[in-house]
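Structure, as structure tokens:
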Amino acid sequence: MNLNSGEKKALTVIAAVVVAFVVVVGGTVVFLTKDSWSEDSTSHDDMYLQLAVGDRLIRVDPTRMCDVFLKNCEPEQLTDMRIQRVPVPVGETVMLSVSQGIAEWPWNLVVQYLTPNGPDGTSVPMRSNSTYTTVLQSTPDRVLINVEVQVPSAVADAGTDNVIARGFLAANTTPDNLQMPAAQRG
């Protein structure tokens, strides 16, 4: 099959258009589906908490964080996790702020208090881009002892369909020299 010069030019233009289309569409798909959570990097510099306690501002880095598919965890072993200690005196108010890297996705706030009747915990789901800062109080009847922010993964528990946390940031806020609240009598 012999092609004249006009047909060769047309085929060259068509081939160039097809190649350009594949490059543009492929690049767009890669860009739009790129997920920074699933990269091989274990750096989570954009995920942290700020706890304002009195005149102190404390940064809490991830206690444990994995990528969105629960791979590439840091630290790799659960036994290597270290929970940061941020004592909150009774009577103080704590302002907890999450970074943009956490707030742009749904997250879960878990707060634990010590009461005269024993430990009392609450878990509050937060929508993406809705809440960056919340205020927590430690009172003699409800002593703030732990704060945890859980970041969800793309993996659900097969038995319950609940999303598994891919990581968390935790602070032990138990006050120094904690005196147990007196048990209430009923």
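Taken together, the values in this text are just the output of simple stated rules run on the coordinates, not laboratory data. Everything numeric in this text was worked out from a predicted model, so none of it was measured. Glycine also receives a Cβ, built like all others from the backbone with ideal geometry; neighbour counts cover every protein chain displayed.
At a Förster distance of 41 Å, what's the computed FRET efficiency of Asp55 paired with Arg127, Cβ-Cβ distance as r, to 0.05?
Values: r = 31 Å, r/R0 = 0.77.
For Asp55 and Arg127, the calculated efficiency is 0.85.
Quick one: which residues, 5 or more positions from Met81 or on another chain, have an amide H under 5 Å from its amide H? H modelled 1.01 Å from N in the peptide plane, none for Pro or chain starts.
none
How many percent of the alpha carbon pairs in segment 70-186 exceed a separation of 25 Å?
32
Pulled fully out, how much extra length does the chain show between Ser5 and Trp105, if you take 0.36 nm times their separation in residues and subtract their Cα-Cα distance?
Length gained, Ser5 through Trp105: 30.3 nm.
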